[in-house]
Amino acid sequence: MSNSRAIFGHTHIKENKVIGGVEIINPGSLSLPRDGIKGSYVVMDIENGKYTYSYHDN
């Protein structure tokens, strides 16, 4: 896992990939998913400088 992260939305498309050493996290959309998949969201926990996250479907 990389040390750099970008967490964003607005596209309504669920994504999780690494580009140029940066981990890209997009939760998707609960109400208007644009990727043909059920609505989704991310739950992220940050503790002591470490993080975990998981995707959940609507």
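The values are calculated or read from the model by the stated rules, or taken from the named source; none is laboratory data. Keep in mind that what you see is a predicted model, and the values were worked out from it rather than measured. Note that each Cβ is placed from the backbone with ideal geometry, even for glycine, and that neighbours are counted across all protein chains shown. Surface areas here come from the heavy atoms of the whole protein model, side chains and all, with no ligands, DNA or RNA. Shrake-Rupley method; radii C 1.70, N 1.55, O 1.52, S 1.80 Å.
Tabulated data for the structure shown
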| item | result |
| --- | --- |
| Positions within the range 20-51 being surrounded by 10 or more Cβ atoms within 10 Å (Cβ to Cβ), of a type outside the set (Phe, Trp, Tyr) and not in a loop (DSSP other than H, G, I, E, B), in sequence order | Val22, Glu23, Ile24, Ile25, Asn26, Ser40, Val42, Val43, Met44 |
| Failed item, numbered, when Ser54 is tested on (1) in contact with a strand residue (DSSP E or B) (Cβ under 6 Å, 6 or more places away or on another chain); (2) part of a loop (DSSP other than H, G, I, E, B) | (2) |
| Every residue from the range 1-14 that is part of a loop (DSSP other than H, G, I, E, B) and loosely packed, with under 13 Cβ neighbours inside 10 Å | Met1, Ser2, Asn3, Phe8, His10, Thr11 |
| Flag for Lys17 being free of Cβ contacts under 8 Å to residues at least 12 places away in the same chain and open to solvent by 60 Å² or more (accessible area, probe 1.4 Å) | yes |
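Yes or no, residue by residue, for (1) among the aliphatic types (A, V, I, L, M); (2) in contact (Cβ under 8 Å) with a residue 12 or more places away in the chain; (3) in contact with a helix residue (DSSP H, G or I) (Cβ under 9 Å, 6 or more places away or on another chain); (4) on the phi > 0 side of the Ramachandran plot:
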site: Ile7; (1), (2), (3), (4): yes, yes, no, no
site: Ile13; (1), (2), (3), (4): yes, yes, no, no
site: Ser29; (1), (2), (3), (4): no, yes, no, no
site: Gly36; (1), (2), (3), (4): no, no, no, yes
